[in-house]
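Visitor: Shown below is the structure under consideration.
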Protein chains: 2
Amino acid sequence: MTRQGDAGLRDSGDLRLRRAVIESADALYYAHGFRAVGMDALRQHAGVSLKLIYRLFPSKESIVLAVLDYRHQIWAGEVTAAVERAESPRERLLAIYDYLAGWFRAENFRGCVFINAFGELATESPAVAAKAAEHKRDFRNYMDQLAIDAGFSAELGDQLMLLAEGAQVTAAITGDVSMAMKARRAAEMLLSFEETRPTASSAGGVGAPGSHGG
Amino acid sequence: MTRQGDAGLRDSGDLRLRRAVIESADALYYAHGFRAVGMDALRQHAGVSLKLIYRLFPSKESIVLAVLDYRHQIWAGEVTAAVERAESPRERLLAIYDYLAGWFRAENFRGCVFINAFGELATESPAVAAKAAEHKRDFRNYMDQLAIDAGFSAELGDQLMLLAEGAQVTAAITGDVSMAMKARRAAEMLLSFEETRPTASSAGGVGAPGSHGG
DNA sequence: CAGTCCGGAGAACGTTCGTTCTCCACTCCT
DNA sequence: AGGAGTGGAGAACGAACGTTCTCCGGACTG
């Protein structure tokens with residue numbers, strides 16, 4: 001389903017080259033935008049000839065889709081790692097905002113690549129639009145599950161997701177890094193609120209609610 | 001400060017033509033993206049010759065900036081109108097989400113034009129990036145003031161803004177219209193939370209807090 | 001009515017881009 | 001050693017775009 005553009009590969013060396021192209025493309029596309037980076041710039045940055053790039057990928061669009069897959073895996077890996085490091089169910093729900101805070105401070109931070117790709121390419125590439133939607137739905141489901149696992153409602157997961165998305169957009173456009181912590185404080189309030197008034201769908205969770213809501 | 005690209009106008013007829021071009025450009029750019037719509041498509045849709053367009057605007061970028069100004073005014077007008085219609089200070093803070101819910105349902109909804117413009121053009125046009133940042137900062141300041149006027153903290157205004165931004169992005173990308181109401185319910189919780197625990201910066205509010213948090 | 005200006009239609013120009021093709025040096029297998 | 005295949009460098013090609021220019025008809029002024 002999510003496999004794209006891997007027609008014509010021949011051996012494992014091609015896989016290594018593919019990865020090199022994708023990593024170069026990822027860096028360039030994220031820094032300058034998808035359309036601003038031509039195939040020639042990609043060739044130069046990746047150190048791979050145009051002919052070879054076109055043996056590995058049938059078109060630029062397939063490279064873009066591969067980069068989005070790559071970014072999704074990186075995002076999912078880093079987010080889950082940050083969540084795993086958290087020690088309480090409550091902190092697991094809040095870990096995303098600390099992760100965002102660190103990301104926003106990266107010198108090359110330029111927002112969520114899926115949001116940018118959607119704005120840049122969605123009208124001309126339904127496949128890119130679908131990938132962005134898939135990514136956002138995946139993140140939403142992840143937050144929902146996290147909320148449920150912590151004894152909250154799935155709706156609370158949606159709300160935490162909205163705060164994270166808003167922080168990403170606002171930080172990217174205005175450059176205001178503090179949005180991650182503002183979102184975190186809002187999330188803390190939502191957690192405290194639901195802890196004191198459990199909803200129907202958040203019955204028997206993992207941690208006993210209402211024990212630390214200062 | 002916000003005036004852009006109005007060099008070379010000659011009479012009030014030019015102003016009417018300018019408006020016609022901007023409205024056409026707005027519709028086309030929003031529907032298909034800025035780069036996907038060429039000057040020829042704009043000429044055809046606006047019914048104005050290329051020569052005249054280039055007498056009214058020095059470049060395509062100046063048209064884009066004019067469209068962003070135009071959209072900002074429409075947004076600000078509609079949002080303030082929705083807020084004015086609300087009857088309580090609390091409802092004034094929540095009016096934005098009802099406005100978003102109606103907007104999301106529009107058949108041509110494709111997300112926030114400033115977010116899309118940022119993703120599409122920010123790396124190549126600092127002026128566009130600045131306009132997007134200006135728009136988002138303006139919205140943030142508006143929500144902050146609304147919160148303060150209702151007796152809440154400015155930080156709560158920031159949080160409501162983040163929810164609204166997250167709803168816009170998520171609704172645009174996933175097509176899930178319910179995000180407006182999810183954001184609204186989150187906002188209601190944040191309001192109730194701060195009503196029961198007033199912060200230092202939200203002292204003497206308008207409405208008596210704690211009267212309707214069922 | 002003659003001349004001047006204005007504007008419409010669209011060709012033209014220069015650039016950029018994605019994609020393909022050419023040329024050639026190099027390698028590997030028999 | 002010789003020949004088929006591989007891949008690098010970059011030219012070539014066709015399309016699209018922003019911008020400018022040409023041609024021409026029509027309107028207004030003396």
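Visitor: State yes or no: is A:TYR70 aromatic (Phe, Trp, Tyr) and open to solvent by 60 Å² or more (accessible area, probe 1.4 Å)?
Guide: Criteria not met by A:TYR70.
Visitor: Checking A:TYR99 against (1) surrounded by 17 or more Cβ atoms within 10 Å (Cβ to Cβ); (2) touching a residue at least 40 places away in the same chain (Cβ under 8 Å); (3) more than 8 Å from chain B (Cβ to nearest Cβ), which single condition isn't satisfied?
Guide: Answer for A:TYR99: the failing condition is (2).
Visitor: How about region A:120-140: which of its residues are among the aliphatic types (A, V, I, L, M) and either under 17 Å from B:ARG35 (Cα atoms) or assigned by TED's automatic domain parsing to the domain that holds A:TYR30 (or both)?
Guide: A:LEU121, A:ALA122, A:VAL128, A:ALA129
Visitor: Another question, then. Within region B:36-48, work out how many residues are open to solvent by less than 10 Å² (accessible area, probe 1.4 Å) and away from DNA strand C (no atom under 13 Å from the Cβ).
Guide: Total satisfying the criteria: 1.
Visitor: Out of B:ALA46, B:ALA117, I need the residue that is within 16 Å of DNA strand D (Cβ to nearest atom) and either β-branched (Val, Ile, Thr) or not assigned by TED's automatic domain parsing to the domain that holds B:MET181 (or both). Which one?
Guide: Exactly one of B:ALA46, B:ALA117 is within 16 Å of DNA strand D (Cβ to nearest atom) and either β-branched (Val, Ile, Thr) or not assigned by TED's automatic domain parsing to the domain that holds B:MET181 (or both), namely B:ALA46.
Visitor: Mind checking whether some residue in region A:49-63 is more than 15 Å from DNA strand C (Cβ to nearest atom), under 28 Å from B:SER125 (Cβ atoms) and surrounded by fewer than 18 Cβ atoms within 10 Å (Cβ to Cβ)?
Guide: no
Visitor: Given the conditions (1) buried (at least 18 other Cβ atoms within 10 Å of the Cβ); (2) free of Cβ contacts under 8 Å to residues at least 24 places away in the same chain; (3) within 16 Å of DNA strand C (Cβ to nearest atom), which single one is not true for B:GLY33?
Guide: Just one mismatch for B:GLY33, condition (2).
Visitor: Further question on the same structure: Looking at A:MET143, A:MET161, A:MET189, A:MET181 in this structure, which one is touching a residue at least 12 places away in the same chain (Cβ under 8 Å), open to solvent by 10 Å² or more (accessible area, probe 1.4 Å) and assigned by TED's automatic domain parsing to the domain that holds A:GLU78?
Guide: Matching residue, one of A:MET143, A:MET161, A:MET189, A:MET181: A:MET181.
The values are calculated or read from the model by the stated rules, or taken from the named source; none is laboratory data. None of the values given here were measured: they were computed from a predicted structure. Reconstructed Cβ throughout: ideal geometry from the backbone, glycine too, with neighbour counts over all protein chains shown. Ligands, DNA and RNA are excluded from the accessible area calculation, which covers all protein heavy atoms including side chains. Shrake-Rupley method; radii C 1.70, N 1.55, O 1.52, S 1.80 Å.
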